[in-house]
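To start, the structure itself, in C-alpha coordinates.
The values are calculated or read from the model by the stated rules, or taken from the named source; none is laboratory data. Computed from a predicted structure; not experimentally measured. Here the Cβ positions follow ideal geometry from the backbone for every residue, glycine too, while neighbour counts run over all protein chains shown.
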Amino acid sequence: MEWAWMGGTQDRDSIGDYSASKTPSATAFPASRTGHLVVANGAGSVWVGFGASAYGDGDRNDLWHYDESTHQWTWWTGDSVPEAMSVYGDVPAASSAPRVHRLCVCPLGRRRGPV
(Lines give C-alpha, C1' and ligand atoms only; values in the text may rest on other atoms or scores of the structure.)
Protein backbone atom coordinates (compact mmCIF):
# COMPACT_ATOMS: atom_id res chain seq x y z
CA MET A 1 0.00 0.00 0.00
CA GLU A 2 1.28 3.44 -0.89
CA TRP A 3 0.13 6.69 0.72
CA ALA A 4 -0.90 9.65 -1.40
CA TRP A 5 -2.47 13.00 -0.58
CA MET A 6 -5.93 12.87 -2.17
CA GLY A 7 -7.39 16.22 -1.11
CA GLY A 8 -8.30 18.44 1.80
CA THR A 9 -5.86 20.68 3.59
CA GLN A 10 -2.14 20.04 3.92
CA ASP A 11 -2.13 21.95 7.23
CA ARG A 12 -0.95 19.63 10.00
CA ASP A 13 -3.02 21.57 12.55
CA SER A 14 -6.33 21.52 10.67
CA ILE A 15 -9.60 21.63 12.60
CA GLY A 16 -11.32 19.67 9.79
CA ASP A 17 -14.65 20.28 8.12
CA TYR A 18 -17.60 18.78 10.03
CA SER A 19 -20.30 20.40 7.89
CA ALA A 20 -21.95 17.14 6.74
CA SER A 21 -22.95 14.26 9.03
CA LYS A 22 -23.53 10.72 7.75
CA THR A 23 -23.49 11.98 4.17
CA PRO A 24 -20.50 11.60 1.81
CA SER A 25 -19.10 15.04 1.09
CA ALA A 26 -16.61 16.53 -1.35
CA THR A 27 -15.70 19.22 1.19
CA ALA A 28 -15.80 17.47 4.60
CA PHE A 29 -12.64 15.93 6.09
CA PRO A 30 -11.45 14.93 9.58
CA ALA A 31 -9.36 17.15 11.82
CA SER A 32 -5.62 16.54 12.12
CA ARG A 33 -4.79 14.01 14.81
CA THR A 34 -2.19 11.71 16.30
CA GLY A 35 -2.47 8.36 18.10
CA HIS A 36 -5.56 7.50 16.07
CA LEU A 37 -7.13 4.37 14.64
CA VAL A 38 -6.94 3.58 10.91
CA VAL A 39 -8.50 0.50 9.34
CA ALA A 40 -8.32 -0.17 5.59
CA ASN A 41 -9.87 -3.20 3.95
CA GLY A 42 -7.82 -3.11 0.75
CA ALA A 43 -10.96 -2.66 -1.35
CA GLY A 44 -11.24 1.12 -1.15
CA SER A 45 -12.77 1.53 2.31
CA VAL A 46 -10.79 3.36 5.01
CA TRP A 47 -11.98 4.19 8.55
CA VAL A 48 -10.21 6.84 10.68
CA GLY A 49 -11.15 7.74 14.20
CA PHE A 50 -10.37 8.74 17.74
CA GLY A 51 -6.88 9.89 18.72
CA ALA A 52 -5.54 13.16 20.08
CA SER A 53 -6.00 16.54 18.48
CA ALA A 54 -2.88 17.44 16.52
CA TYR A 55 -3.09 21.03 17.72
CA GLY A 56 -2.97 20.04 21.39
CA ASP A 57 -6.43 20.78 22.76
CA GLY A 58 -7.52 17.25 23.69
CA ASP A 59 -8.65 13.82 22.61
CA ARG A 60 -11.29 13.06 19.96
CA ASN A 61 -14.25 10.66 19.75
CA ASP A 62 -15.16 11.06 16.08
CA LEU A 63 -15.22 8.32 13.43
CA TRP A 64 -14.81 8.97 9.68
CA HIS A 65 -15.07 6.84 6.54
CA TYR A 66 -13.15 7.50 3.31
CA ASP A 67 -14.31 6.00 0.02
CA GLU A 68 -11.42 5.70 -2.44
CA SER A 69 -13.76 5.34 -5.44
CA THR A 70 -15.43 8.74 -4.85
CA HIS A 71 -12.58 10.43 -2.94
CA GLN A 72 -15.10 11.58 -0.33
CA TRP A 73 -15.14 11.55 3.45
CA THR A 74 -18.19 10.79 5.57
CA TRP A 75 -18.31 11.96 9.19
CA TRP A 76 -19.97 8.90 10.69
CA THR A 77 -20.31 9.66 14.40
CA GLY A 78 -18.78 11.49 17.35
CA ASP A 79 -18.23 15.15 18.07
CA SER A 80 -16.65 17.91 16.01
CA VAL A 81 -14.73 19.24 19.03
CA PRO A 82 -12.02 17.59 21.15
CA GLU A 83 -12.69 16.48 24.75
CA ALA A 84 -16.44 16.13 24.16
CA MET A 85 -18.51 14.59 26.94
CA SER A 86 -19.58 10.96 26.57
CA VAL A 87 -23.29 10.21 26.34
CA TYR A 88 -24.43 6.71 27.28
CA GLY A 89 -27.85 5.10 27.38
CA ASP A 90 -29.63 1.77 27.71
CA VAL A 91 -30.72 1.67 24.06
CA PRO A 92 -29.01 2.82 20.84
CA ALA A 93 -29.72 6.48 20.16
CA ALA A 94 -28.47 9.21 17.83
CA SER A 95 -27.52 11.26 20.90
CA SER A 96 -25.10 8.59 22.20
CA ALA A 97 -21.40 9.38 21.87
CA PRO A 98 -18.34 7.29 22.75
CA ARG A 99 -15.76 8.51 25.18
CA VAL A 100 -12.62 10.06 23.71
CA HIS A 101 -9.74 7.70 22.90
CA ARG A 102 -6.13 8.02 22.02
CA LEU A 103 -3.34 5.62 21.13
CA CYS A 104 -5.70 3.05 19.66
CA VAL A 105 -4.06 -0.13 18.43
CA CYS A 106 -5.77 -2.44 15.97
CA PRO A 107 -3.60 -5.30 14.71
CA LEU A 108 -5.17 -6.35 11.44
CA GLY A 109 -3.95 -8.75 8.80
CA ARG A 110 -4.89 -8.59 5.16
CA ARG A 111 -8.65 -8.87 5.11
CA ARG A 112 -11.16 -9.23 2.31
CA GLY A 113 -14.69 -7.85 2.32
CA PRO A 114 -16.27 -4.83 3.97
CA VAL A 115 -14.88 -3.33 7.15
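Details
- The one condition in (1) touching a residue at least 12 places away in the same chain (Cβ under 8 Å); (2) farther than 11 Å from Ala31 by Cα; (3) surrounded by fewer than 17 Cβ atoms within 10 Å (Cβ to Cβ) that Tyr55 fails to fulfil: (2)
- The residues of segment 1-46 that are among the hydrophobic types (A, V, I, L, M, F, W, C) and more than 18 Å from Asp62 (Cα to Cα), listed by number, are Met1, Trp3, Ala4, Trp5, Met6, Ala26, Ala43.
- Among the criteria (1) part of a loop (DSSP other than H, G, I, E, B); (2) at pLDDT 85 or above, the one Tyr55 does not fulfil is (2).
- Summed over segment 1-37, residues that are of a type in the set (A, V, I, L, M, F, W, C), surrounded by fewer than 16 Cβ atoms within 10 Å (Cβ to Cβ) and touching a residue at least 24 places away in the same chain (Cβ under 8 Å) total 4.
- Meets criteria (modelled with pLDDT of 80 or more, under 17 Å from Asp13 (Cα atoms), touching a strand residue (DSSP E or B) at 6+ places or on another chain (Cβ under 7 Å) and of a type in the set (Asp, Glu)) for Asp79: no
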